[in-house]
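Here the structure comes first, spelled out in structure tokens, and everything after it is commentary.
Where a number appears in this text, it was derived from the coordinates with a stated rule and is not lab data. For clarity, every value in this text was computed on a predicted model and none was experimentally measured. All Cβ positions, even for glycine, are placed from backbone atoms using ideal geometry, and neighbour counts span all protein chains on display.
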């Protein structure tokens, strides 16, 4: 098979036009094209008056070697890469040792799935509840302002990605095509097949719930075991006479000890008590950069018109998204984060007395507003020299947001026009904020550090020149967005083990290595492979 890339056609091209483009690119006759299939579809909207569809296609032709030799040097025609996934190991018969995976988000899910497929019968622990019970608890915060600290947007089966836009694309380097393995597993679990071909695939919350359940069933059918409402309270770490450290098990909040010589830490970016426990246990942790800011909302129609012009609303384009960044005069970078077309802003706190926002979309992306994080880069130089100081900074501003929102889990909000001039908002404009359980109008200046407020005020007019209407006075800001990524990194070596605690495998976003559904899942696969190879290597 040959992989053809950068096949560009008009937005409203005829169905047969793609076949004709394949024939033209290959320079062959119709009878020589045996078959072809789309492997990627994107759009190029840089010229709104002439939006293009851009395809990558796999084609089977007669005399493939001859065609390839004739097109030698054309980087747009290559041999189709082998994207098949191959398991690196198989558990031997009679193996009694079982790996433990802490966390049932995308990273833990795929670590568990791959280990189960290889016959290692993992035990998967999660502090939260099964996904449908967790969904009820999450709606309890959104509808009634009642928070369950162990079952919410951050904690429970499916992880934080369950209540998000369900984006399934990443810019990670992926020479082994592990992202393809992730997408294939999702399709087998009920995701729409088009995620395999769309350039920016997404699923949405409702579909993710069913998929997570089906994948859990697959793991259990292979001998894996789930334990929900099982928060890990401590690690059993053995310290040798030479000072070497290795994990020997985990201790749950009820005092139960589970023996394990291999433990995967896929705890997510909000398991702050777990971070503290790891630090207290001497596991090597370091502070890392993250970002904080607000959620900004506009009418989705405004974003569609700005990105697609007169083609806005075209069914092949869907709801438009955007990506913006600006380096400010005070040295800070402001950028859009986790943009959710046709979505809603949601309450994402996991701790009492704090307000956290995030964005979510359903598969249809047909809600009235577009929303995105508008965030400012934070580095360890911004807070005291302590591995967990970034957590303290997040907590401080989340608590400030709780107070500014009225102390009821309502979020503080402000119109962009008022924010730019420093006036508290007293009434909404044309944009109705979507955050539940509600928005309390105020002045957001006290909800972030001064340098972040200054940077966002500078960036908004700049973004307004890139997307007309972005800095419209009636656009809505809601605070605060603090969980963009983990504030810590649990440092690991090339063998994926903790730098100073053997057989402990930091993984995914909580460990500071992968920040989206796809990248976290890929990291889970890599860690599962490392665990499997270690288990086959004996007790060394």
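For the reader, a short list of remarks on this structure follows.
- Pairwise centroid distance, computed over Cα atoms, of the range 125-170 with the range 365-440, Å: 20
- Burial order of peptide ranges 451-460, 227-236 (average beta-carbon count within 10 Å, highest first): 451-460, 227-236
- Highest mean packing comes first when the peptides 120-133, 412-425, 382-395, 152-165 are listed by Cβ atoms within 10 Å, giving 152-165, 120-133, 412-425, 382-395.
- Note on 477, 26: ascending count of other Cβ atoms within 10 Å places them as 26, 477, the fewest first.
- Two-site FRET efficiency, residue 75 against residue 34, from Cβ-Cβ distance with R₀ of 25 Å, rounded to 0.05: 0.60
- Mean separation of Cα contacts under 8 Å, 6 or more apart, over the residue count of the chain: relative contact order %: 18
- With the simple model of a label 7 Å out from the Cα in the direction of the Cβ, residue 143 to residue 47 spans 5.1 nm.
- Computed over the range 2-79, the P(r) curve from all C-alpha pair distances, binned at 10 Å from the origin, holds 18, 51, 24, 6, 0 percent per bin.
- Dimensions of the range 289-481 from C-alpha coordinates, computed as largest minus smallest value along each principal axis and given longest first, are 51, 36, 32 Å.
- Segment residue 248..residue 66, full-extension length gain: 59.7 nm, with 0.36 nm per residue of separation and the alpha-carbon distance subtracted.
- Neighbour-count ranking [beta-carbon atoms within 10 angstrom, fewest first] of 444, 34: 34, 444
- Sequence of 462, 267, 376, 250 once ranked by neighbouring C-beta atoms within 10 Å, starting from the fewest: 462, 250, 376, 267
- Each part reduced to its alpha carbon centroid, the range 184-258 and the range 467-531 end up 15 Å apart.
- Estimated D of the range 407-520 in µm² per second, where Rh is the Kirkwood radius over Cα pairs and Stokes-Einstein applies at 37 °C, 0.692 mPa s: 195
- Percentage relative contact order, the range 2-79, counting C-alpha pairs under 8 Å, at least six apart: 44
- Averaging 1/r over every pair of different alpha carbons in the chain and inverting the result gives a Kirkwood radius of 24.7 Å.
- Rounded to the nearest angstrom and listed largest first, the equivalent-ellipsoid semi-axes of the range 309-395 from its Cα gyration tensor are 32, 19, 8.
- Expressed as a fraction of 2.2 N^0.38 Å, the C-alpha radius of gyration for the range 160-299 is 1.33.
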